[in-house]
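Engineer: So that we are looking at the same thing, I have put the structure below in structure tokens.
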Amino acid sequence: MSFIKGEVSYKVYYNDQSSYGVYKVIIEETNEPYFDFQKSTTITGTFPPLEESGTYIFNGKLVFNQKYGYTFVAETVERVLPQSIEGLIDYLSGDSFKGIGKNTATKVVNALGIDAISLILEDKDVLDKVESMNKKKKDTIYSTLIQSKNMSSILVTLYSYGISPKLSMKIYDKFKENTIEVLKKDPYILIEEIEGVAFIKADQIALKMGINLRSPSRIEACINYVLLNNAMEDGNTYTRKDDLYKEVLKYLSFGKGDIELLDNAIEVLLFKRKIYEYEDGYSYASIYNSEKYIASKLKEMSKVHTKTYPKEEIDACLKRLESILDIEYEDTQKSAIYEAINNNVSIITGGPGTGKTTIEKGIIYTLKELTDINLDEMKLCAPTGKAAKRIEESTGYFAKTIHKMLGYDTMGNFTYDKYNPLPAKVVVVDEASMIDSFLFKNLLEALDIDTKLVIVGDSDQLPSIGPGQILKDLIDSKYFITTKLTKIHRQKENSKIISLAYDVLNEKIETEIDIDHNELVFINSNQRDLFELLKRCVDHYTSQGFDLYQDIQILIPIYKGGVGIDAVNRFMQMNYNPNYVSKDDENSEELTRFFIDDKVIQLVNQYEDSVMNGDMGIVEDTFGEKEVLVDFGVSEVLYKENTLSNIALAYAISVHKSQGSEFKVVILPLFSNYSVLLNKKLIYTAITRAKEHLVIIGDNRVLNDAIKINSNDRLTTLKSHL
């Protein structure tokens, strides 16, 4: 490993949240030959903030960047205490010592000499020898020196456990001077407290710290992890006992003779209420409590007496709206509106073309006409930004994401919660199939008991990415007034795309699929020809005036493989982004590189920048390979090395990521390679993303086989709570 000893000249960039910094350093000493004739260099890495004029030893490696040239990436950083009177004064009057100016620092050094720091650390009362030294300044100097010493010591200890500098800083930022004590007590606390740490990583750290393989805390942590991981990965809100035991034994490398240890750990977790027993399995506490709360709150809300209005009055309002919109509500749609107006909790479900958004217009208009509720007190929301925007365009009423409506902040807190209810008398939640148990609980907590709640969605679509299947469970419980829409609007009756969607639900393809470039196209193909056919399709539709970024979307079920999302995105980037530049060492396994004008998608919620999972944007600028500026339409976000993994190319995206969105042109490859993930709900969801044109490329047998595969319902507790 190379090292550089040098003085920090100035700070180029530092992120307090990620601890990622870029500094210019004047080189004093190094073992890296490249710097033999260099006076300074750029240092990057994850470490505490560095002080200008401070001297440090950086251990790391030299890395070449196409735009910035050679930079030194530091893995560890150690402060070198000043060795001169002037340096000592500068250090003690630096930014770290709040309220200590140059005058006070000079007095300290004059009184205590060059060994001032070691003397203070030995006994802070030596500061009493300093002229005009008050208690506040004395405590500041001493506590800052202790903190600096402790931080260095703690980070070195964390490094010895095999923890990366970046993760070490995350851990230190969380637990501060108590870090080592906390980890020794329970290293598995990292799973709950530090984002990105799963059981395997925490277990590696724990074993290096010397924890016993059969330690109860190790077994308990593994049980918790398996329950939570199954919920987040598969959407199940509880795990069957046999499956739980099988996975835990595998993670711990235990045998069947160790089952008694698992039994004991489960008893302890049940007693601590960290997990709950449910039927033939167990549920992670926060998930179990979320579903229990949802059931309880919705029951209370549904029992609230609400003023009812005669059918004639509602019909009169709808008659006026029909005249304004030049539409005609059919009987089931009217029934959905009656139930929403006259009940405190109601559900509306239906497939594409059944007029769900038209019903939402009718509900809002009628309530505005018949009641004293104003538009500001009626909230229209959806789980994602794309869904909210689409609903706003369809209804003409302002819509927000649920997170934005509840005032989610960068610290992970909601402005509106059970202590500060949302100022709303009516809340309409659309795309409810996408809402997971955690988010729905947060929403219900923020609603007063008498807030009118209308839940709208398509229960035949894929369930939420997170745990639970809220919409389906609420409908299946038969506890709430539910209107199921089946009649397709006259404007949509001849839509082959919608006809195909219902064929999928009925598990039998009867819709005629044209082979030319009309509304619905099926191109029988093998996967070797996919890229050529993609180019032909994209070229055709762009020549017809459709925009590659806004209108055309490729949907694929899997990421890896020769015809997966990653491979298709690389092909599209190379062929459709004129700013793409290949590298001599280009290979399929390297990390994605972004270029100006690339189409990208946000992969996680990034609240501090107001971008959410599923938001799409265009790369506006790049700064080397590790900084990318993305334009999301309503905001611009700069991604640096530590956040770059939060975005991905989006010429092709997964079907799950497309939920809540609609595109004028959808291209859907279907090959046997995808079969393990294909099922009726996934195909149905993909098809219903297409507004005007749908092109299916692949094997007709794959399509026909997939629509006969019914994905298993998730294991949830909500229905039984209801």
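Engineer: Please specify each residue of region 641-659 satisfying the condition of being touching a strand residue (DSSP E or B) at 6+ places or on another chain (Cβ under 8 Å), of a type outside the set (A, V, I, L, M) and either buried (at least 17 other Cβ atoms within 10 Å of the Cβ) or not in a loop (DSSP other than H, G, I, E, B) (or both).
Structural biologist: GLU641, THR643, ASN646, TYR651, SER654, LYS657, SER658
Engineer: Restricting region 428-486 to residues that are aromatic (Phe, Trp, Tyr) and not in a loop (DSSP other than H, G, I, E, B), which is most open to solvent (accessible area, probe 1.4 Å)?
Structural biologist: So, considering only residues that are aromatic (Phe, Trp, Tyr) and not in a loop (DSSP other than H, G, I, E, B), the one most open to solvent (accessible area, probe 1.4 Å) is PHE438.
Engineer: Can you confirm whether LEU422 is touching a Lys or Arg at 6+ places or on another chain (Cβ under 9 Å), within 20 Å of ILE470 (Cβ to Cβ) and either without any contact (Cβ under 8 Å) to a residue 40 or more places away in the chain or not in a strand (DSSP E or B) (or both)?
Structural biologist: Yes: the conditions hold for LEU422.
Engineer: Give me the helices (runs of 4 or more DSSP H) completely within region 102-214, filtered to those with at least 3 residues that are open to solvent by 40 Å² or more (accessible area, probe 1.4 Å), more than 30 Å from ASN229 (Cα to Cα) and among the basic types (Lys, Arg), ordered by residue number.
Structural biologist: Fully inside region 102-214 and qualifying: 135-160.
Engineer: Might you let me know whether region 412-427 holds any residue that is closer than 25 Å to THR688 by Cβ and open to solvent by less than 30 Å² (accessible area, probe 1.4 Å)?
Structural biologist: yes
Engineer: Any residue in region 263-280 that is at pLDDT 95 or above sitting within a Cβ distance under 6 Å of a residue that is of a type in the set (Val, Ile, Thr)? List the pairs, counting only those 6 or more apart or interchain.
Structural biologist: Correct list of pairs: ALA265/ILE219; ALA265/ILE223; LEU269/ILE275.
Engineer: When the residues of region 706-720 are filtered to those that are crowded, with 19+ Cβ neighbours inside 10 Å and assigned to a helix (DSSP H, G or I), which remaining residue is nearest to the chain's Cα centre (by Cα)?
Structural biologist: LEU718
Engineer: Still on this structure, please answer the following. (1) crowded, with 19+ Cβ neighbours inside 10 Å; (2) more than 30 Å from SER711 (Cα to Cα): which one isn't true of ASP621, the others all being true?
Structural biologist: Of (1) crowded, with 19+ Cβ neighbours inside 10 Å; (2) more than 30 Å from SER711 (Cα to Cα), only one is false for ASP621: (1).
Engineer: Can you tell me how many residues within region 321-350 are in a helix (DSSP H, G or I) and closer than 30 Å to LYS299 by Cα?
Structural biologist: Selection size over region 321-350: 12.
Condition check ((1) basic (Lys, Arg); (2) touching a residue at least 24 places away in the same chain (Cβ under 8 Å)) across all residues:
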{"site": "SER525", "(1), (2)": "no, yes"}
{"site": "ARG528", "(1), (2)": "yes, no"}
{"site": "LYS535", "(1), (2)": "yes, yes"}
{"site": "ASN577", "(1), (2)": "no, no"}
{"site": "SER582", "(1), (2)": "no, no"}
{"site": "ASP597", "(1), (2)": "no, no"}
{"site": "ASP609", "(1), (2)": "no, yes"}
{"site": "MET612", "(1), (2)": "no, yes"}
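Engineer: Note down all Cβ pairs under 7 Å where the first residue falls in region 225-252 and is under 16 Å from ILE200 (Cα atoms), the second is surrounded by fewer than 17 Cβ atoms within 10 Å (Cβ to Cβ) and small (Gly, Ala, Ser), and they're at least six residues apart or on different chains.
Structural biologist: TYR225/ALA198
Engineer: Still on this structure, please answer the following. So, ALA340, is that one of a type in the set (Gly, Ala, Ser), farther than 30 Å from MET232 by Cα and touching a residue at least 24 places away in the same chain (Cβ under 8 Å) or not?
Structural biologist: Yes; evaluated as a whole, the condition is true for this residue.
Engineer: Can I ask one more? Mind checking whether some residue in region 598-613 is closer than 27 Å to ARG528 by Cβ, among the charged types (D, E, K, R) and part of a loop (DSSP other than H, G, I, E, B)?
Structural biologist: Yes: one or more hits.
Engineer: State whether one or more residues within region 232-243 are open to solvent by less than 50 Å² (accessible area, probe 1.4 Å) and either more than 26 Å from LEU439 (Cα to Cα) or part of a helix (DSSP H, G or I) (or both).
Structural biologist: Looking through region 232-243, none of the residues is open to solvent by less than 50 Å² (accessible area, probe 1.4 Å) and either more than 26 Å from LEU439 (Cα to Cα) or part of a helix (DSSP H, G or I) (or both).
Engineer: In the list SER40, SER93, SER9, which residue meets the criterion of being open to solvent by less than 70 Å² (accessible area, probe 1.4 Å) and either modelled with pLDDT under 85 or not hydroxyl-bearing (Ser, Thr, Tyr) (or both)?
Structural biologist: When all the criteria are applied, what remains is SER93.
Engineer: Among the residues of region 631-640, count how many are assigned to a strand (DSSP E or B) and open to solvent by 30 Å² or more (accessible area, probe 1.4 Å).
Structural biologist: Here the count works out to 3.
Engineer: Report every pair of residues separated by at least 6 positions or lying on different chains whose Cβ atoms are under 8 Å apart, first residue within region 287-310 and more than 17 Å from LYS274 (Cβ to Cβ) and among the β-branched types (Val, Ile, Thr), second open to solvent by 30 Å² or more (accessible area, probe 1.4 Å) and in a helix (DSSP H, G or I).
Structural biologist: ILE294/LYS441; ILE294/HIS721; THR306/ASN342; THR308/ASN342
Engineer: Out of LYS719, LYS680, LYS691, LYS708, report the one residue that is under 30 Å from ALA285 (Cα atoms), in contact with a helix residue (DSSP H, G or I) (Cβ under 9 Å, 6 or more places away or on another chain) and among the basic types (Lys, Arg).
Structural biologist: Sole residue among the options that is under 30 Å from ALA285 (Cα atoms), in contact with a helix residue (DSSP H, G or I) (Cβ under 9 Å, 6 or more places away or on another chain) and among the basic types (Lys, Arg): LYS719.
Engineer: Right, something else. Only one residue in ALA295, ALA221 is at pLDDT below 95 and either of a type in the set (Val, Ile, Thr) or under 24 Å from PHE438 (Cβ atoms) (or both). Which one?
Structural biologist: When all the criteria are applied, what remains is ALA221.
Engineer: A further question follows. Can ILE509 be described as of a type outside the set (Lys, Arg), in a loop (DSSP other than H, G, I, E, B), within 18 Å of ASN700 (Cβ to Cβ) and touching a residue at least 60 places away in the same chain (Cβ under 8 Å)?
Structural biologist: So ILE509 fits the description; yes.
Engineer: Among what's in region 349-404 and is more than 27 Å from the chain's Cα centre (by Cα) and among the hydrophobic types (A, V, I, L, M, F, W, C), pick the residue that is most open to solvent (accessible area, probe 1.4 Å).
Structural biologist: Checking each candidate, the answer is LEU375.
Engineer: Tell me which residues, restricted to region 7-42, are in a loop (DSSP other than H, G, I, E, B) and within 26 Å of ILE171 (Cβ to Cβ).
Structural biologist: ASP16, GLN17, SER18, SER19
Engineer: Considering only residues of region 669-686 that are of a type in the set (A, V, I, L, M) and within 21 Å of SER464 (Cα to Cα), which is surrounded by the most Cβ atoms within 10 Å (Cβ to Cβ)?
Structural biologist: ALA686
Engineer: I want to confirm something. Restricting to region 690-705 and keeping residues that are closer than 19 Å to VAL568 by Cβ and surrounded by fewer than 23 Cβ atoms within 10 Å (Cβ to Cβ), which single residue is farthest from the chain's Cα centre (by Cα)?
Structural biologist: ASP699
The values are calculated or read from the model by the stated rules, or taken from the named source; none is laboratory data. Predicted model only: the values in this text are computed from it and were never measured. Please note: Cβ atoms are built from the backbone with ideal geometry, for glycine as well, and neighbour counts cover all protein chains shown. Accessible surface is based on the protein model in full, side chains and every heavy atom, while ligands, DNA and RNA are left aside. Shrake-Rupley method; radii C 1.70, N 1.55, O 1.52, S 1.80 Å.
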